[in-house]
Amino acid sequence: MNTNTLFGVQIPTAIEFGVGAAAKVGERARQHGIRNAFLVTDRGLAQSAAVQSALETLAAAGVATTLYSDVKADPTSEAIQRAAQAYRAPRPTAW
């Protein structure tokens with residue numbers, strides 16, 4: 001299996017994954033008229049090259065982005081409430 005292939009799925013939401021997919025997120029956001037995004041990840045992935053690439057391409061596309069990295073497995077109801085509050089604050093047009 002070739003792991004360097006970029007794949008796509010549309011059901012009806014388009015999903016792209018694979019090597020280099022994060023570098024396309026800004027272009028896709030711009031195509032959909034997104035101006036304010038809410039990017040959810042965990043603290044470990046927040047520093048990854050993929051997340052940094054996504055943030056850079058979103059910024060280059062003129063998309064203001066809030067990074068929420070306080071995600072943990074099996075979240076408590078309080079953690080979910082904190083995430084919901086963080087989501088509402090910047091009023092994103094995409095998540």
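Check off (1) over 22 Å from G20 (Cβ atoms); (2) assigned to a strand (DSSP E or B); (3) of a type in the set (A, V, I, L, M, F, W, C) for L67 and give me the number that stays unchecked.
Going through (1) over 22 Å from G20 (Cβ atoms); (2) assigned to a strand (DSSP E or B); (3) of a type in the set (A, V, I, L, M, F, W, C) one by one, L67 breaks only (1).
Failed condition for R35, given (1) more than 19 Å from R91 (Cβ to Cβ); (2) among the basic types (K, R); (3) modelled with pLDDT of 90 or more, with all others met?
Just one mismatch for R35, condition (1).
Do you know which residues across region 51-95 are among the acidic types (D, E) and either surrounded by 12 or more Cβ atoms within 10 Å (Cβ to Cβ) or in contact with a Ser or Thr (Cβ under 9 Å, 6 or more places away or on another chain) (or both)?
Listed by number, the residues that qualify are E56, D70.
State all residues of region 74-95 that are assigned to a loop (DSSP other than H, G, I, E, B) and either over 17 Å from the mean Cα position of the chain (by Cα) or at pLDDT 90 or above (or both); if no residue qualifies, say none. I'd like the intermediate steps shown before the answer.
Here is the first cut: in region 74-95, the ones assigned to a loop (DSSP other than H, G, I, E, B) are 74-76, 89-93, 95.
Across region 74-95, the qualifying residues are D74, P75, T76.
Would you please name the residue that is nearest to T57 (Cα to Cα), looking only at residues in region 6-29 that are of a type in the set (A, V, I, L, M) and part of a loop (DSSP other than H, G, I, E, B)?
Of region 6-29, the ones of a type in the set (A, V, I, L, M) are 6, 9, 11, 14-15, 19, 21-23, 25, 29.
If we keep only those that are part of a loop (DSSP other than H, G, I, E, B) too, we end up with 6, 11, 19.
Numbers: L6: 17, I11: 24, V19: 15 Å.
Result: V19.
I need a count of the residues in region 46-95 that are closer than 18 Å to G26 by Cβ, out of contact with any strand residue (DSSP E or B) (no Cβ under 9 Å at 6 or more places or on another chain) and of a type outside the set (G, A, S).
Residues in region 46-95 being closer than 18 Å to G26 by Cβ, out of contact with any strand residue (DSSP E or B) (no Cβ under 9 Å at 6 or more places or on another chain) and of a type outside the set (G, A, S): 3 in total.
Per-residue answers, yes or no, for (1) surrounded by fewer than 13 Cβ atoms within 10 Å (Cβ to Cβ); (2) in contact (Cβ under 8 Å) with a residue 40 or more places away in the chain; (3) acidic (D, E):
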{"position": "I15", "(1), (2), (3)": "yes, no, no"}
{"position": "V25", "(1), (2), (3)": "no, no, no"}
{"position": "A29", "(1), (2), (3)": "no, yes, no"}
{"position": "T41", "(1), (2), (3)": "no, no, no"}
{"position": "Q47", "(1), (2), (3)": "yes, no, no"}
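Those residues that are among the small types (G, A, S) and either under 11 Å from the mean Cα position of the chain (by Cα) or farther than 26 Å from A79 by Cα (or both), I need them from region 15-48; list them, please.
In the first step, residues of region 15-48 are kept if they are among the small types (G, A, S); the result is 18, 20-23, 26, 29, 33, 37, 44, 46, 48.
Hits for region 15-48 are G18, G20, A21, A22, A23, G26, A29, G33, A37, A46.
The values are calculated or read from the model by the stated rules, or taken from the named source; none is laboratory data. As the structure is a prediction and not an experimental result, all values here were calculated from the model. Ideal geometry is used to build each Cβ from the backbone, glycine not excepted, and the neighbour counts take in all protein chains shown.
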